[in-house]
1. Less than 28 Å apart at the alpha-carbon level, and either on another chain or at least 8 residues along: which lysines does that give for LYS81?
2. Any idea what the dipole of the stretch 1-90 comes to, in debye rounded to 20, about its Cα centre with Lys/Arg Cβ at +1 and Asp/Glu Cβ at -1?
3. Please give the length that would be gained between LYS70 and ASP29 if that part of the chain were fully extended, namely 0.36 nm times their separation in residues minus their C-alpha to C-alpha distance (nm, one decimal).
4. Using helices alone, what [θ] at 222 nm do you get for the chain, with -39,500 (n - 2.57) per DSSP H run of 4 or more residues, divided over all residues and rounded to the nearest 500?
5. Select one label from [x] 55; [y] 59; [z] 40: the one whose number is percent of Cα pairs over 23 Å apart as derived from the coordinates shown.
6. How high is the FRET efficiency from ASN184 to MET37, r the C-beta distance, R0 35 Å, rounded to 0.05?
7. Rounded, prolate or oblate, given the Cα gyration tensor of the stretch 23-87, with a/c below 1.5 counting as rounded?
8. Please compute the net charge surrounding ILE112, taking Lys and Arg as +1 and Asp and Glu as -1 over other residues with Cβ under 12 Å from its Cβ.
Amino acid sequence: MDIVMEYNKATIQTIIESLGLTEDIQVDDIPDINLYMDQLLEFLNNRLYWLKRESVDKGLTKTMVNNYTKDQLLIPPQNRKYGKQHIMLLILISQLKSILSISDIKKIFAPILNDINTPDDDVIPLQEIYITFLELRKEQFAEFYDTFEEKVKYIESKTAAIETTNRNAAELLLIILMLVAQANASKRLAEKMIDTFFTGKAE
């Protein structure tokens with residue numbers, strides 16, 4: 001039989017904290033000077049380390065940045081350098097692409113950013129979008145932790161009759177099933193909203 005590590009409230013709290021859910025890159029944290037590609041990748045990969053599941057994961061790469069630019073999802077660099085607008089957009093893309101396809105990401109940004117080459121025609125300034133995202137993310141984390149604790153208590157009540165040696169594995173299974181169901185519901189809702197309201201094709 002595979003070994004399942006014992007868990008308790010403290011170990012789960014440690015895991016949640018390691019997710020980096022509160023480790024945001026504020027606008028003031030972004031360098032005021034424009035960065036070359038290598039500097040850009042070093043800055044973002046150092047700050048977005050928590051997006052990686054394994055330490056060997058590459059994170060953001062030069063190929064990804066070039067592809068986003070080629071697909072007109074990312075603003076072209078100026079004299080091979082990347083500024084705050086690029087960094088904010090890359091952070092948003094990095095967050096979104098774990099849930100949405102690049103095509104869907106293009107669809108939701110296109111009517112807001114309009115001509116990707118200039119910020120002058122943006123419906124909402126990119127910096128305002130980014131700041132609001134950080135605020136929403138902070139609120140979501142607080143709600144997530146509160147509801148997560150409640151659901152774990154409910155699961156523990158359902159497994160109370162199971163013998164101690166098997167209870168740990170049963171509770172972990174149910175917790176993971178609960179998290180996957182929650183993630184799937186959020187992902188499907190986001191996709192359905194894109195399919196319903198963003199009807200134009202991403203060019």
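1. In chain and number order, the partners are LYS52, LYS58, LYS62, LYS70, LYS97, LYS106, LYS107.
2. The calculated dipole for the stretch 1-90 is roughly 440 debye.
3. Result for the pair: 12.0 nm of gain on full extension.
4. Here the helix-only value at 222 nm equals -20000 deg cm²/dmol.
5. [x]
6. 0.45
7. Because a/c hits 1.5 or more and a/b fails to exceed b/c, the stretch 23-87 counts as oblate.
8. So the environment of ILE112 carries a net charge of -2.
The values are calculated or read from the model by the stated rules, or taken from the named source; none is laboratory data. Note that the coordinates shown come from a computational prediction; the quantities given were computed from them, not determined experimentally. Cβ sites come from the backbone with ideal geometry, for glycine too, and all protein chains shown count toward neighbours. Note: accessible area is taken over every heavy atom of the protein model, side chains too, but ligands, DNA and RNA are not part of it. Shrake-Rupley method; radii C 1.70, N 1.55, O 1.52, S 1.80 Å.
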